[in-house]
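To keep things clear, I will list the structure first and then write my remarks on it.
The values are calculated or read from the model by the stated rules, or taken from the named source; none is laboratory data. As the structure is a computational prediction, the values presented were derived from the model and not from experiment. In this analysis, Cβ positions are derived from the backbone assuming ideal geometry, glycine residues included, and neighbour counts consider all displayed protein chains. Accessible surface areas use protein heavy atoms only, side chains included; no ligands, DNA or RNA. Shrake-Rupley method; radii C 1.70, N 1.55, O 1.52, S 1.80 Å.
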Amino acid sequence: GENVEQHPSTLSVQEGDSAVIKCTYSDSASNYFPWYKQELGKRPQLIIDIRSNVGEKKDQRIAVTLNKTAKHFSLHITETQPEDSAVYFCAAQNNAGNMLTFGGGTRLMVKP
Amino acid sequence: NAGVMQNPRHLVRRRGQEARLRCSPMKGHSHVYWYRQLPEEGLKFMVYLQKENIIDESGMPKERFSAEFPKEGPSILRIQQVVRGDSAAYFCASTQNLEETQYFGPGTRLLVL
């Protein structure tokens, strides 16, 4: 089955700096890659996603890049703010479209 | 997505009791997915159901766990004879069609004493 690795597990940045989180996946048939942000005690909330027919997608301060050949994708957050502090999860959807496999999460801390 | 509802939000059970977790999908959605999140870990897929059918239960333990999504009413995740290791947050998501973005409900946090 699919295996998703996520790095780093914790990331501390100064407010205004950029943050980059990287994920690799094993199943070349996976074709959809969402990113979720989860605050303590809350549900995972979708922040951005990308499908395998594009290499990059941007939404304001957040961008995601996908390298299908290397089977890795990354989340980029620019101009970080304290409210960006949370745990971020990457995920890969299987070819059947019914299952998300999640990475282990990255705890992002933005220091004011 | 606020449209996916789960209850109860918190559930405390003693070892050996049964836990019933409910998930009401968004209106018009007939696909439901259950995930479990252990403390400090990512979500793990458990089961995918369509109305009245279990389609993929590859992530669900064979013993003590069952799921259903009846024609009327919410989807139910049932855990019999709970053990401490079942303590986790259980999230469900729903979609109208396959391959759509999965939005999660608020989760049920199960604590087994």
Report task. Two decimals is fine: what's Rg over Rh for chain A, C-alpha atoms, Kirkwood radius as Rh? Result -> 0.96
Requested in this report: Would you mind computing Rg(Cα) / (2.2 N^0.38 Å) for chain B, counting N as its residues?
Outcome: 0.98
Requested in this report: Write down the accessible area per residue of segment A:61-112 in Å², having rolled a 1.4 Å probe over the full set of protein chains.
Outcome: 38 Å²
Report summary line: Straight-line reach check, B:Lys27, cutoff 20 Å on alpha carbons, 8 or more apart in-chain or any other chain, hits among lysines -> B:Lys51, B:Lys71
Query raised in the report: So which GluC sites (Glu not before Pro) in segment B:60-102 pass both tests, a DSSP loop state and at most 16 other Cβ atoms within 10 Å of the Cβ?
Result: B:Glu63, B:Glu72, B:Glu99, B:Glu100
**Report entry** Accessible-area composition of the protein assembly as shown, carbon plus sulfur, in percent [1.4 Å probe]
**Finding:** 47 percent
Query raised in the report: Normalised by the residues of segment A:25-109, what does the relative contact order come to in percent, with Cα pairs under 8 Å and at least six apart?
Result: 30 percent
**Report entry** chain B - percent relative contact order, Cα under 8 Å, separation 6 or more
**Finding:** 38 percent
Report task. Return the residues of segment B:38-56 for which accessible area with all protein chains present is lower than in the chain on its own by 50 Å² or more; set the probe to 1.4 Å and exclude ligands, DNA and RNA. Result -> B:Leu43
Query raised in the report: Can you give the convex hull volume per residue for the Cα atoms of segment B:1-64, as a whole number of Å³?
Result: 122 Å³
Query raised in the report: Do you know the Lys pair count in chain A for C-alpha distances under 26 Å, with sequence separation 8 or more or different chains?
Result: 20
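Checking the a/c ratio against 1.5 first, then a/b against b/c, what shape does the Cα gyration tensor give for segment A:25-73?
oblate
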Requested in this report: Using DSSP to define loop residues, name the trypsin sites (Lys or Arg not before Pro) in segment B:43-81 whose beta-carbon has at most 13 other beta-carbon atoms within 10 Å.
Outcome: B:Lys62, B:Lys71
Query - Interatomic Cα distance distribution for the protein assembly as shown, bins of 10 angstrom, percent - result: 8, 33, 35, 19, 5, 0
